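The numbers here are math on the coordinates, done by the rules we state, and not lab data. None of these values were measured; they are calculated from a predicted model. Every residue, glycine among them, receives a Cβ derived from its backbone with ideal geometry; neighbour counts consider all protein chains shown.
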Amino acid sequence: MTEEQLYRKFARYYDRIYEKIDLQIEVDFIKWAAEQHNTSEGNKLLDIACGTGRHAQFMKDGFEVLGVDINPQMLEIAREKLPDINFIEGDMKELNLDEKFDMVICMFSAMNYNTTREEFKGTLENFYTHLNEGGVLIFDYGINKENWIEGLVSVDTVVDDDLKLARICQSHLENGIFQANFVFLIKEDGKLDFDIDQHKLGVLGIEEVIDSMTETGFESFIYSDFTEKEWDVVSGERPIFVGVK
């Protein structure tokens with residue numbers, strides 16, 4: 001199976017795997033954070049690594065949304081679901097839209113696709129360039145040095161009449177990079193299938209993230225797991241970063 005065929009196949013399962021996540025909680029936090037920190041006057045939202053448009057579908061009421069993703073198969077699904085939103089193919093590391101926005105969001109730990117601190121900071125600089133003065137950047141950084149557990153096995157499942165799926169991954173850090181090999185076991189249309197989806201993810205510490213934001217020019221705030229509570233390392237909860245230009 002070619003890489004394009006593989007991504008087309010996995011894109012079909014993306015929403016099914018993540019449908020258990022209560023996105024309304026995340027969207028409510030994003031809107032709250034914008035009210036707290038955004039001092040720009042517009043309502044233009046740039047959704048980076050938008051995937052199949054799961055956040056965009058909630059944010060389109062009240063915001064003029066542009067979705068960007070590197071995966072054309074994901075974008076096909078997003079356009080089918082949300083024909084009234086503009087989606088374009090692009091890489092967060094090389095973004096150059098010649099347009100400014102009032103808010104940039106990057107969810108589902110997509111910032112971990114920056115595998116080094118240099119890449120991470122370069123991406124932040126791209127986001128900063130695309131923000132109006134007073135605009136905000138919001139992203140989660142769910143995989144970090146503070147919560148890393150070597151050898152941890154994670155399993156996601158989908159069990160329906162038409163589809164039975166298990167996605168299995170074991171955490172392994174090599175030279176500061178999470179070699180994420182997602183093993184898929186899929187039973188669909190009476191047939192059992194097996195595939196591996198490979199990703200390389202960077203794992204920075206929280207202080208490295210904060211320093212990168214400060215060096216880029218952002219004033220940074222950290223919240224705990226899409227709540228109004230400030231993040232602390234003891235809680236072990238997912239850190240949500242808000243950067244103000």
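Would you check segment 109-245 for Lys pairs whose C-alpha atoms are within less than 18 Å, ignoring same-chain pairs closer than 8 in sequence, and give me the count?
Final tally of qualifying lysine pairs is 6.
Could you tell me the calculated FRET efficiency between I149 and D15, based on Cβ-Cβ distance and R0 = 30 angstrom, to the nearest 0.05?
Details: r = 27 Å, r/R0 = 0.91.
After rounding to 0.05, the efficiency reads 0.65.
What net charge is computed for the residues neighbouring Y113, neighbours being all others with C-beta under 9 Å from the C-beta of Y113, Lys and Arg scored +1, Asp and Glu -1?
It works out to a net charge of +1.
Just need log10 I(q)/I(0) for segment 146-201 at q = 0.24, 0.27, 0.29 Å⁻¹, Debye formula, equal scatterers on the alpha-carbon atoms, no solvent, rounded to two decimals.
The computed values of log10 I(q)/I(0) come out as -0.91, -1.05, -1.14.
So what is Rg over Rh here for the chain, counting just Cα atoms and using Kirkwood for Rh?
0.95
Over all distinct Cα pairs, what is the inverse of the mean 1/r for segment 40-153, reported as the Kirkwood hydrodynamic radius in Å?
Every distinct Cα pair counted, the radius reaches 14.7 Å.
Among D84, D102, D162, which one shows the biggest mean-square fluctuation in a GNM of the chain, springs joining Cα atoms closer than 10 Å?
In this elastic network of the chain, the residue with the biggest mean-square fluctuation among D84, D102, D162 is D162.
Counting only GluC sites (Glu not before Pro) that sit in a DSSP loop (anything but H, G, I, E, B) with at most 15 other Cβ atoms within 10 Å, what is the longest stretch of the chain containing none of them?
Excluding the exposed sites themselves, the longest stretch runs over 151-227.
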